[in-house]
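Below is one structure, written out as structure tokens; comments come after it.
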Amino acid sequence: MAILDSKGRLFGKINLLDLGAALVIILVIIGIFVFPGTTGSVAQVGTKTVPIEVDLAVRGLNVRDPERLFEKGLTKGGKTNVIIRNQPYGQIDIKSIQVLPRTLTVSQPDGSVKELPDPRINNFSTDMLLTLEGKAQVTDSGPVFGNSKVKIGTTFELEGFNYNFNSTVIDVRLLDN
């Protein structure tokens, strides 16, 4: 009796293609259950959760009426949805909102430079300083919201009832209880 017959069967009983497919399935099952790999996110390994404050700079937000923005959506003591690196984090508290004055640098006759209020009437650009507060996990490489590290220069996308804009982290403060 031959090991392989004319139809490609092993000892005339088992097809080689079926045997190969069965071996692949068994190896995949072993790989999933015996060697599952790492579980959980990196942010959860050896971390503690602490209160955190994050200052955000919003530069050149084009808005017709900033006061209306603050009435319905962006309010001190309210909440905003945060998206960090295209990954939704969830809601976070707004601790403070400070609208920064629009100024121009103007040369003086004596050669010095002064910063004076911008006299343009139809300026729809607004600068703000926002402070958000919440809880973050602290790892060896810094604070983490969800699965995203929070560092100076990180872009936060803020979204609410009547707004959606980007801002940049300019300060991160870990608070002690």
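The values are calculated or read from the model by the stated rules, or taken from the named source; none is laboratory data. Small disclaimer: the values here were computed from a predicted structure and weren't measured. All Cβ positions, even for glycine, are placed from backbone atoms using ideal geometry, and neighbour counts span all protein chains on display. Side chains are part of the model used for accessible areas, which takes the heavy atoms of the whole protein and leaves out ligands, DNA and RNA. Shrake-Rupley method; radii C 1.70, N 1.55, O 1.52, S 1.80 Å.
Go through region 114-124 and give me each residue that's in a loop (DSSP other than H, G, I, E, B) and either loosely packed, with under 10 Cβ neighbours inside 10 Å or not aromatic (Phe, Trp, Tyr) (or both). Break it down into steps so the answer makes sense when it comes.
Initially, region 114-124 is screened for residues in a loop (DSSP other than H, G, I, E, B), giving 118-124.
The answer is Asp118, Pro119, Arg120, Ile121, Asn122, Asn123.
Restricting region 100-113 to residues that are open to solvent by less than 70 Å² (accessible area, probe 1.4 Å) and part of a strand (DSSP E or B), which is modelled with the highest pLDDT?
Of the residues in region 100-113, the ones open to solvent by less than 70 Å² (accessible area, probe 1.4 Å) are 100, 103-104, 106, 108, 111-112.
When the remaining residues are screened for being part of a strand (DSSP E or B), the result is 100, 103-104, 106.
Numbers: Leu100: 86, Thr103: 83, Leu104: 85, Val106: 92.
Within region 100-113, the match that is modelled with the highest pLDDT is Val106.
The rows are residues; the columns are (1) open to solvent by 100 Å² or more (accessible area, probe 1.4 Å); (2) of a type in the set (Asp, Glu); (3) closer than 30 Å to Glu133 by Cα; (4) at pLDDT below 90.
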| residue | (1), (2), (3), (4) |
| --- | --- |
| Gly20 | no, no, no, yes |
| Phe33 | yes, no, no, yes |
| Gly37 | no, no, no, yes |
| Ala43 | no, no, yes, yes |
| Thr49 | no, no, yes, yes |
| Val54 | no, no, yes, no |
| Val58 | no, no, yes, no |
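If you check every pair at least six apart or on different chains, which have Cβ atoms under 7 Å apart with a residue in region 149-177 that is of a type in the set (Ser, Thr, Tyr) first and a residue that is surrounded by fewer than 12 Cβ atoms within 10 Å (Cβ to Cβ) second?
So the pair list comes out as Thr168/Gly153.
Is it the case that Leu27 is more than 30 Å from Leu130 (Cβ to Cβ), at pLDDT below 85, open to solvent by 100 Å² or more (accessible area, probe 1.4 Å) and outside any strand (DSSP E or B)?
Details: more than 30 Å from Leu130 (Cβ to Cβ): yes; at pLDDT below 85: no; open to solvent by 100 Å² or more (accessible area, probe 1.4 Å): yes; outside any strand (DSSP E or B): yes.
When the stated conditions are applied, Leu27 does not pass them.
Residue by residue through region 53-68, note down the ones that are part of a helix (DSSP H, G or I) and touching a strand residue (DSSP E or B) at 6+ places or on another chain (Cβ under 8 Å). First the steps, then the outcome.
Of all residues in region 53-68, those part of a helix (DSSP H, G or I) come to 66-68.
Selection gives Pro66 alone.
Among the residues that make up region 125-142, is at least one of them surrounded by 12 or more Cβ atoms within 10 Å (Cβ to Cβ) and not in a strand (DSSP E or B)?
So the first thing to find is which residues in region 125-142 are surrounded by 12 or more Cβ atoms within 10 Å (Cβ to Cβ), and the list is 125-139, 142.
Retained after the next criterion (residues that are not in a strand (DSSP E or B)): none.
No.
Name the single residue, out of those in region 69-80 being in contact (Cβ under 8 Å) with a residue 24 or more places away in the chain and assigned to a helix (DSSP H, G or I), that is surrounded by the fewest Cβ atoms within 10 Å (Cβ to Cβ).
Lys72
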